[in-house]
1. If you line up the long axis of helix 55-76 against the longest principal axis of the chain, both from Cα atoms, how many degrees apart are they, to the nearest 10?
2. Using the Cα atoms as the points, what is the convex hull volume per residue of the chain in Å³?
3. Arranged by the count of other C-beta atoms within 10 angstrom, fewest first, what order do HIS99, HIS46 take?
Amino acid sequence: MSNCIFCKIVNGEIPAAKVFEDEHVVAFMDISQVTKGHTLVIPKVHKENLYELTPEIAGNIFKAVPAIANALKTEFEPAGLNIVNNNGEQAGQTVFHFHIHLIPRYGKGDGFG
Ligand code: 5GP
Ligand code: ZN
């Protein structure tokens, strides 16, 4: 989608700090780091939200997640990690290209929750 900021990241039209990429999925650092290492995982294909995902697309995303989480664990040594996914404006979605947040956790006062 031409107007979508995450499609632009997929296409290399705007820069992002990528931490993972395969044929179907890209993961990159969130521009506003809620905690250190806050990462977004997206399908390369434009899908607005969870309701639009096919099982295949969902599978491609979640197949990549353990490796990405392990890379974050090695790099940032968090105490834990949350997965967050917002669907719809009322749920806090601000970018309408499906994404999941991987949010490394460092304990009380780490900026999240
Ligand atoms: P949402 O609120 O839709 O669940 O999450 C959207 C996320 O995208 C936000 O955490 C926001 O900081 C991030 N974001 C928005 N624009 C950009 C951008 O241009 N680059 C990167 N890396 N992250 C972005
Ligand atoms: Zn898009």
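1. So the inclination is approximately 30 degrees.
2. Each residue corresponds to 99 Å³ of Cα convex hull volume.
3. Lowest to highest Cβ neighbour count: HIS46, HIS99.
Since every read-out is calculated from the coordinates, none of them should be taken as a lab result. This is a predicted model, so every value here is computed, not measured. Positions of Cβ are generated from backbone atoms using ideal geometry, with glycine treated the same way; all protein chains shown enter the neighbour counts.
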